[in-house]
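The values are calculated or read from the model by the stated rules, or taken from the named source; none is laboratory data. The shown structure was predicted, so the numbers you read here are calculated from the model rather than taken from an experiment. Note that we place each Cβ from the backbone using ideal geometry, even for glycine, and neighbour counts take in every protein chain shown. Only protein heavy atoms, including side chains, enter the accessible area calculation; ligands, DNA and RNA are left aside. Shrake-Rupley method; radii C 1.70, N 1.55, O 1.52, S 1.80 Å.
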Amino acid sequence: MTTFQPAVADGEQPPADSVHPRESSPQAPTSVSRLNETIRGFVEKWGSVWVEGEITSWNVRGGNVFGRLKDRGTDATLSFRLWSSTRSRLTEDMAVGDHVVTCIKPDYFVRSGDFSFTVSAMRHVGLGEQLEKLERLRAALRAEGLFDQARKRPLPFLPHVIGLITGERSDAEKDVHRNAELRWPQVRFRTIHAAVQGDRCVPETIGALRRLDADADVDVIIIARGGGDPQTLLGFSDERLLRAVAAASTPVVSAIGHENDHPLLDDVADLRASTPTDAAKRVVPDVSEQRAMVAQLRARLGSRLQQRVAHDIAQLEQLRSRPVLRAPERGLDERAAQVAQAIGRGRAAVDRLMAHADRRSAELRATLRALSPQHTLDRGYAIVQMNDRIVRDPRDAPEGAEGFVRVANGQFAVRSLGGTAP
């Protein structure tokens, strides 16, 4: 603790550090350091107290927790610090919405003038009333299918008009506009300002949503606000707003709070963005990225076409290099020679067959001629026929029988004088 040494000369104004706050005056003010030290000395006398409340903020930084505790019956809150050494001794995991009893000691920081409470112990009492309500609503909406991915509508690739519901002159509005216009300068907005916390939040947001949903030019709707205490984000878990979003025909993007904030609107909306900046990036495509993608696709297409043409040319050259295409008449000449050879062999075979057939025919003619009755007649023989029978025995020609004799050059009639056997 700082020690203040009063060193006052007669007729001079005392140093500020030497003036106790209770004794300060316009002529003899106390110093900030003396005031803060006095306050800390007063606060340290309080000691530790046990207090019941609901955790409404739980931010972890470097293992330490900086949060807020809310009274269950009123809107009164206090901030607390939970050091990592104390947190490691807790037997339960804590989260926003938990109903807890905690032992806290007041702590006043002289250098910054900040007042806070340091937690030395904390235990669950049960879920906070608000969290219980939200969990019941979450279960009911999930059972109705409002969280199902199948009912979520896809966002347009390039929205021409974006509907934006956000607070007036808010950082969220600036973030969405700036990031969207950087990505696609031609994008247009239809912005409707609404209260983003308090009693007016839900009705004004629903009214803005219905107006934008009825506008045929609006392709997608973004509901955005910056981060905040979970208590201030309760409007975006209101059942009326959730059902209005589910009934909208235009795709809705939820961009509420920061990465750790998670109102029920995130589950019902068609797309959840972690921040307003993230919403702009996910709704509007980056023109430079799209142009680079188009250039890349065109380059790939050109390369594939060149490869295909080069491959086809190589195949054509390969076909042209084959003998049958390089000198097609050679094949015809070879075929013509083969045909001529076949014709020659065929003619030779036919000639041999004809000669053999001629010889055979001559042989058969000679044999037939030798066996022919005419040949016998030509040699001087004759054939006697009587009574239409060839006479082979004299007894076959009785006396007085008439017949004829066939000779080589004709026949003549005869009459038998009778004959005897030899």
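Where a Cα-Cα gap under 21 Å defines reach, which lysines qualify for LYS105, not counting those fewer than 8 residues away within the same chain?
Qualifying lysines at Cα under 21 Å: LYS45, LYS70.
For the chain, give the magnitude of the charge dipole about the Cα centre (Cβ charges: +1 Lys/Arg, -1 Asp/Glu; no others), in debye to the nearest 20.
Details: 59 positive and 56 negative charges, 663 e Å.
With only Lys, Arg, Asp and Glu charged at Cβ, the dipole is about 3180 debye.
Tell me the per residue accessible area of the range 178-261 using a 1.4 Å probe; a whole number in Å² is fine.
Details: 3880 Å² over 84 residues.
It amounts to 46 Å² per residue over the range 178-261.
When the accessible area of the range 263-422 is computed with all protein chains present and a 1.4 Å probe, what percentage of it is carbon and sulfur?
Using a 1.4 Å probe with all protein chains present, the range 263-422 comes out at 55 percent carbon and sulfur.
Arrange the peptides 277-286, 149-158 so that the one whose residues have, on average, the most other Cβ atoms within 10 Å appears first.
Taking the mean over residues of other Cβ atoms within 10 Å, the ranking is 277-286, 149-158.
How do VAL176, VAL101 rank by accessible surface area computed with a 1.4 Å probe, from largest to smallest? Spell out each step's value before the answer.
Values: VAL176 0, VAL101 25 Å².
Correct descending sequence by accessible area is VAL101, VAL176.
For the range 139-199, state which GluC sites (Glu not before Pro) are in a DSSP loop and have at most 16 other beta carbons lying within 10 Å of their beta carbon.
GLU168
Suppose R0 equals 51 Å. What FRET efficiency, 1/(1 + (r/R0)^6) with r the Cβ-Cβ distance, do ARG87 and MET293 give to the nearest 0.05? If you can, show how the numbers build up before the last one.
Details: r = 47 Å, r/R0 = 0.91.
Given R0 = 51 Å and the Cβ-Cβ separation, E is 0.65.
Volume per residue, Å³, of the convex hull around the alpha-carbon atoms of the range 352-411?
Details: hull volume 5.8 nm³, N = 60.
Each residue corresponds to 97 Å³ of Cα convex hull volume.
With unit charges on the beta carbons (Lys and Arg positive, Asp and Glu negative) and the dipole taken about the Cα centre of the chain, which residue among ALA355, ASN59, ALA121 sits farthest to the positive side?
ALA355
Projecting each Cα onto the charge dipole of the chain (Lys/Arg +1, Asp/Glu -1 at the beta carbon, about the Cα centre), which of PRO15, GLN341, PHE236 comes out farthest on the positive side?
Farthest towards the positive end: GLN341.
Under the 0.36 nm per residue contour assumption, what length would be gained going from the current alpha-carbon distance of GLN197 and VAL60 to full extension? Don't skip to the end; give the middle numbers.
Numbers: separation 137, 0.36 × 137 = 49.32 nm, distance 2.42 nm.
Computed gain between GLN197 and VAL60 is 46.9 nm.
Hey, rough spin-label estimate for ILE39 and VAL309, points 7 angstrom out along Cα→Cβ, what's it come to in nanometres?
Label-label distance for ILE39 and VAL309, simple model: 8.0 nm.
Under 19 Å Cα to Cα from LYS174, which aspartates and glutamates show up? Leave out anything in the same chain fewer than 8 places away.
GLU259, ASP278, ASP286
Please work out the C-alpha center-to-center distance from the range 174-238 to the range 95-120 and express it in whole Å.
Between the Cα centre of the range 174-238 and that of the range 95-120, the gap is 35 Å.
Once amide H atoms are placed 1.01 Å from N in the peptide plane, what residues at a sequence separation of 5 or more from ILE222, or on another chain, have their amide H within under 5 Å of its amide H?
Amide H neighbours of ILE222, under 5 Å, 5+ apart: GLY163, LEU164, ILE165, VAL253.
Looking at the range 38-82, which chymotrypsin sites (Phe, Trp or Tyr not before Pro) are DSSP coil and have at most 12 other C-beta atoms within 10 Å of their C-beta? Don't skip to the end; give the middle numbers.
Numbers: sites: PHE42, TRP46, TRP50, TRP58, PHE66, PHE80; in loops: TRP46.
Here the chymotrypsin sites (Phe, Trp or Tyr not before Pro) that fit, given the DSSP loop and packing criteria, are TRP46.
If a/c stays under 1.5 just call it rounded; otherwise compare a/b with b/c (prolate if a/b is bigger, oblate if not). Do that for the range 197-308, with a ≥ b ≥ c from the square roots of the Cα gyration tensor eigenvalues.
prolate
Toward the positive end of the charge dipole of the range 299-422, about the Cα centre and with charges on Cβ (Lys, Arg +1; Asp, Glu -1), which of ALA413, LEU377, ALA327 goes farthest?
It is ALA327.
Would you calculate a helix-derived [θ] at 222 nm for the chain, using -39,500 (n - 2.57) for each DSSP H run of n ≥ 4 and dividing by the full residue count, to the nearest 500?
-13000 deg cm²/dmol
Relative to the longest principal axis of the C-alpha atoms of the chain, give the angle of the C-alpha long axis of helix 32-44, reported between 0 and 90° and rounded to the nearest 10°.
The angle comes out near 80 degrees.
Report the trypsin sites (Lys or Arg not before Pro) located in the range 38-108 that are in a DSSP loop and have at most 14 other Cβ atoms inside 10 Å of their Cβ, or state none.
Qualifying residues, ordered by number: LYS45, ARG72, ARG89.
Using r as the Cβ-Cβ distance of ARG169 and ALA28, and R0 as 35 Å, what FRET efficiency do you calculate, to the nearest 0.05?
0.20
Dimensions of the range 103-249 along principal axes (Cα, Å, largest first)?
Between the extreme Cα coordinates on each principal axis of the range 103-249 lie 58, 43, 26 Å.
Taking a probe of 1.4 Å, how large is the accessible area per residue of the range 297-348, in Å²? Write out the running numbers ahead of the final one.
Numbers: 4830 Å² over 52 residues.
Accessible area per residue: 93 Å².
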